[in-house]
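First the structure, in the form of structure tokens, and then the observations on it.
Read the figures in this text as sums done on the coordinates, not as results from a lab. Worth saying up front: this structure is predicted, and the values here are computed from it rather than measured. Please note: Cβ atoms are built from the backbone with ideal geometry, for glycine as well, and neighbour counts cover all protein chains shown.
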Amino acid sequence: MIEQQTHELPPRGTTIIEARGVGKSYGSVLALSEVSTTINAGEVTCVLGDNGAGKSTFIKIMAGAHPHTDGVLLIDGEARNLSSPREALDLGIATVFQDLAVVPLMPVWRNFFLGSEPTKGFGPMRRLDVATMKAATRSELIAMGIDLRDVDQPIGTLSGGERQCVAIARAVHFGARVLILDEPTAALGVKQSGVVLKYIAKARDRGLGVVFITHNPHHAYPVGDRFMLLRRGRSMGEFPKDEVSMDDLTSMMAGGTELEALSQELQETLGADSGIVRDMQAELRA
């Protein structure tokens, strides 16, 4: 059972997590190498990369799911090798994974407290404190600016964006200082993605350090304060927002030189008039 924590949020800009040359290997397979970044209170750090870039490995290290094998991970200035998600939660690090792990037919308030239900009474008379759970769910959602029609409705009736927002509010309620979001907009349309981005900004404005994992620079740029790009398990660098543009991010993620080489190879194979070649050349020009 997860008990509500009372972590006090540090002043904005305070470093909560620092990774110094963090790496992870599975036997002879190197999944992550020499990754360094800082997660600060009141800031959104966006971790970008395509499939296989190492994003999942990196967040699992910070979430306590996998211990790192190289480098140093500091939390509040103390070197740690997290052994479980429980340990990460105790330190105020909460992760919202893409699948959310909700029970669709249960009401919103029940999912909000799933695994951490408060009770009242004693002995055989002990029972769930439903009134407290409903009131707390409603209060926390309102504090995040989330206006649901009814916390009694099954969570499965909510849109994907609304379910993500409930998960964010839940993490905040249970004392998160750092909120790690694993591709929260990946399966959402434009409107619902916008809703989630709004609440990412809300969490940042409340003083949380947010780690936003995504492969979409168009979602990252509006809310991000700093951007770290991963490719094939290695960092391509970390950039504050005032030093990088949306076009820069898009180009670095697309791998401009690699695309140019592939375009040339396809042109030789398919001919310059191929639609595939024209599309790729247009992407390079953009």
Inset, instruction - Grab the DSSP H runs of the chain that are 4 residues or longer, score each as -39,500 (n - 2.57), total them, divide by all residues and round the 222 nm result to the nearest 500 deg cm²/dmol. - result: -11000 deg cm²/dmol
Legend entry - Those chymotrypsin sites (Phe, Trp or Tyr not before Pro) in region 81-179 that DSSP places in a loop and that have at most 10 other beta carbons within 10 Å: Phe122
Legend entry - Within region 1-104, GluC sites (Glu not before Pro) in DSSP loop having at most 11 other beta-carbon neighbours inside 10 Å: Glu3, Glu8
Legend entry - Distant-in-sequence amide H partners of Asp129 (H built 1.01 Å from N, under 5 Å): Thr119, Lys120
Legend entry - Within straight-line cross-link reach of Lys134, lysines at Cα separation under 21 Å, skipping those fewer than 8 residues along the same chain: Lys120
Inset, instruction - Jot down the radius of gyration and Dmax of region 1-76, Cα atoms only, both in angstrom. - result: 13.9, 42
Inset, instruction - Using Cα pairs closer than 8 Å and at least 6 residues apart in sequence, work out the relative contact order for the chain, in percent. - result: 25 percent
Inset, instruction - For region 71-114 and region 11-70, compute the distance between their C-alpha centroids and round to whole Å. - result: 15 Å
Inset, instruction - Considering the convex hull of the alpha carbon atoms of region 10-167, report its projected area averaged over all viewing directions, in nm², one decimal. - result: 12.3 nm²
Legend entry - Residues with amide H under 5 Å from that of His66, placed H, sequence gap 5 or more: Ile61
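If the viscosity is 1.306 mPa s and the temperature 10 °C, what Stokes-Einstein diffusion coefficient in µm²/s follows for the chain when Rh is the Kirkwood radius over Cα pairs? List each step's numbers first, then the result.
Working: Rh = 20.4 Å.
Estimated diffusion coefficient is 78 µm²/s.
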Legend entry - Estimated distance in nm for a label pair at Ser245 and Thr132, the labels positioned 7 Å out from Cα along Cα-to-Cβ: 5.5 nm
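With the cut-off at 1.5 for a/c, could you classify region 140-252 from its C-alpha gyration tensor as rounded, prolate or oblate?
On the way: a/c = 2.29, a/b = 1.81, b/c = 1.27.
Prolate, because a/c is 1.5 or more and a/b exceeds b/c.
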